[in-house]
Amino acid sequence: MTEISVAPPIAESGAAPANRQGREVFQPRDVRNQTLFGALRKRLSWPLGIYTTPVAILIVWEILSEAGVLSDTYAPAPTTIVTTAVDLWKQGVLGPDLAISLQRAGIGLAIGLTVGIISGVLGGLLRSGEYALNGLVQILNTIPLLAVLPLMIVWFGIGELTKVLLVSFGAGVPMYLNLFAAIRGVDQGLIEMARTTGAGRWRLVTRVLVPGALPGFLVGLRFSLAYSILGLVAAETVNADSGIGFLITQAQTYLQTNQVFVGLAIYSVLGLFADQFVRLLERVLLRWRPSYEAT
């Protein structure tokens, strides 16, 4: 008796899922339409995504300022802050200060991430590295940045080195802690499986530990970027003669609230851009890792 094979139905692009053999599984049209309509409805409900709440706050802030509820002395309107920033840029004040702050943040972040990644890998892979580094980093993690600043001024003076090291301190500690925890948190079953297949140490590290620790590394990167900005704020508001923090300090001295808010807005935007950068890395580097999709 001749066996008749029936070809699977042709699915629409991007609609039908696949089984383990790579064949497309039929999915009713009404289910696919519900999925598409659900995604479209979520997109229309939150058109700005994570920017929805900040934009809503700015709109309410502007309305209250225009209505006279909020005084410009205490909380200038967002349009006033933007106008002040444009004026400072045209006057040649904001541009150089922003460039200096970004330079400090970049150098300090590079040093902190390098030290944090190297020490985190050594502590996570080697028992001797854990004994040598983990206790010290746990102690440093409990010391606030502002408490370290006076000691750094005594050791290194009030120059650029102190400011860069403070940013490095803020970036390195969270990177070590998260990377160490990520390496030690890799599933032991995967490690044993790789060893039974004859994988050497290098193959075990590159094929199991690195992919397994990558999510924790990205979490550490997010914290490092955030704390590096906090370190930059602490460094630039004390004994600084340039930078966004110096701009805020000068504006505070002369009661120029609008310029204070310009500096705060720049720090906020830097933090938001840093978070978006890590989110982009997660989408690129963790495409292989299924995750929960909120409804």
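The values are calculated or read from the model by the stated rules, or taken from the named source; none is laboratory data. Not measured: the values here are computed from a predicted model. Cβ placement follows ideal geometry from the backbone for every residue including glycine, while neighbour counts extend to all protein chains displayed.
In the condition set (1) exposed (fewer than 14 other Cβ atoms within 10 Å of the Cβ); (2) under 24 Å from residue 173 (Cβ atoms); (3) not hydroxyl-bearing (Ser, Thr, Tyr), residue 290 is compliant with all but (2). Close Cβ contacts (under 6 Å, 6 or more residues apart or on different chains) running from residues in the stretch 124-149 that are in the same structural domain as residue 186 (by TED's automatic domain parsing) to residues that are surrounded by 18 or more Cβ atoms within 10 Å (Cβ to Cβ) and not hydrophobic (A, V, I, L, M, F, W, C) comprise 129/123; 130/123; 133/119; 133/123; 134/123; 137/176; 145/170; 145/231. Of 224, 242, 168, all but one fail to be part of a loop (DSSP other than H, G, I, E, B), within 21 Å of residue 105 (Cβ to Cβ) and either touching an Asp or Glu at 6+ places or on another chain (Cβ under 7 Å) or among the hydroxyl-bearing types (Ser, Thr, Tyr) (or both); the exception is 242. Applying the criterion of being crowded, with 23+ Cβ neighbours inside 10 Å and hydroxyl-bearing (Ser, Thr, Tyr) to the residues of the stretch 223-271, the residue that is nearest to residue 153 (Cα to Cα) is 228.
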